[in-house]
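**Q** I'd like to ask you about the structure that follows.
The values are calculated or read from the model by the stated rules, or taken from the named source; none is laboratory data. What you are looking at is a predicted structure, and each value in this text was computed from that prediction instead of being measured. FYI the Cβ positions are ideal-geometry reconstructions off the backbone, even for glycines, and counts take in every protein chain you see.
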């Protein structure tokens, strides 16, 4: 356990001593007295509050100037309010949050390297954006809003403690795909620049080897051995129902699947070459989904259905 723990700390070039908490009611400086989840399940990930710095003033370059990307570089793509932007995973690994704007609307783009989850939200009004708390729940990053310092679960999209406890975030569709795929679909896209204001070696993967291993650095509440812990799935939640679409199962189809979740008809599009997928409703509108490692999806959705071709 300690060996894995240090693997998480050292790549971030942050030397933070382990803290002996005076009380479960406070961790990393955040009050947990009203937490929706047991405080024993909220764990310090190593870095202090803001030890992993969010990007608050992102700079972008046109697609033709994105020399820091190769064709197969992994990116998070967001198309919102008619604006297309790509966020390289090589940068998100080191910062986890980009507080951005699409036209006049504030949007927070988040990524948890431990869970493989990139999720974008409409930033709550007057929240002053999000920061990285240094805390984890089910191995997933806990964000905090800078106005109230409420803690927010990335995958649950919910404030789990603080003045805004119980409130939900509004997710917007986000694409996990290759740079080549995104650029072909959105040639006018902007790309997050490596000029972040921080000194990081963005060409080095701080989590090298993690995706291929079965190891999980931090405890999770629910486990399921049906798939490799880091197998990728597309997960969807609708009206209290959840369903996972493993990439390995989607690869056995023609890439276009009609399915139902609860009373909703949906259509899944999957591209095995680019390891990417999306889900649409019966009217062709893209729905908000979560691409995640299997262990992370199951940890938060132990009653999930699982697609089999």
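**Q** Residues of the range 122-139 being surrounded by fewer than 24 Cβ atoms within 10 Å (Cβ to Cβ) and closer than 20 Å to residue 233 by Cα, which ones?
**A** Hit for the range 122-139 is 139, nothing else.
**Q** Residue 144 - would you say it is assigned to a loop (DSSP other than H, G, I, E, B) and either over 18 Å from the mean Cα position of the chain (by Cα) or touching a residue at least 40 places away in the same chain (Cβ under 8 Å) (or both)?
**A** No: the conditions fail for residue 144.
**Q** Evaluate the following for residue 217: is it at pLDDT 95 or above, assigned by TED's automatic domain parsing to the domain that holds residue 76 and closer than 29 Å to residue 51 by Cβ?
**A** So residue 217 does not fit the description; no.
**Q** Name the residues in the range 62-89 that are under 21 Å from residue 198 (Cα atoms), buried (at least 17 other Cβ atoms within 10 Å of the Cβ) and over 18 Å from the mean Cα position of the chain (by Cα), would you?
**A** Scanning the range 62-89 gives 66, 68, 69.
**Q** Out of 277, 255, which single residue is over 24 Å from residue 170 (Cβ atoms) and either in contact with a helix residue (DSSP H, G or I) (Cβ under 6 Å, 6 or more places away or on another chain) or not assigned by TED's automatic domain parsing to the domain that holds residue 119 (or both)?
**A** 255
**Q** Considering (1) within 24 Å of residue 153 (Cβ to Cβ); (2) modelled with pLDDT of 95 or more, say which one residue 273 fails and leave the rest.
**A** (1)
**Q** Residue by residue through the range 92-120, note down the ones that are part of a strand (DSSP E or B), under 14 Å from residue 54 (Cα atoms) and over 12 Å from the mean Cα position of the chain (by Cα).
**A** 99, 100, 107 - these are the residues of the range 92-120 that are part of a strand (DSSP E or B), under 14 Å from residue 54 (Cα atoms) and over 12 Å from the mean Cα position of the chain (by Cα).
**Q** What are the residues in the range 28-53 that are crowded, with 20+ Cβ neighbours inside 10 Å and either touching a helix residue (DSSP H, G or I) at 6+ places or on another chain (Cβ under 7 Å) or part of a loop (DSSP other than H, G, I, E, B) (or both), if any?
**A** 28, 32, 35, 45, 46, 47, 52
**Q** If you don't mind, there's one more thing I want to ask. Quickly run through the range 234-256 and pick out the residues that are in contact (Cβ under 8 Å) with a residue 40 or more places away in the chain and surrounded by fewer than 18 Cβ atoms within 10 Å (Cβ to Cβ).
**A** Residues satisfying the conditions are 238, 241, 252, 253.
**Q** Continuing with this model, one more query. Exactly one of (1) touching a strand residue (DSSP E or B) at 6+ places or on another chain (Cβ under 9 Å); (2) over 30 Å from residue 42 (Cα atoms); (3) in the same structural domain as residue 68 (by TED's automatic domain parsing) is unmet by residue 203. Its number?
**A** (1)
**Q** Still on this structure, please answer the following. Would you call residue 161 touching a residue at least 24 places away in the same chain (Cβ under 8 Å), surrounded by 22 or more Cβ atoms within 10 Å (Cβ to Cβ), more than 24 Å from residue 82 (Cβ to Cβ) and more than 17 Å from the chain's Cα centre (by Cα)?
**A** Against the criterion (touching a residue at least 24 places away in the same chain (Cβ under 8 Å), surrounded by 22 or more Cβ atoms within 10 Å (Cβ to Cβ), more than 24 Å from residue 82 (Cβ to Cβ) and more than 17 Å from the chain's Cα centre (by Cα)), residue 161 qualifies.
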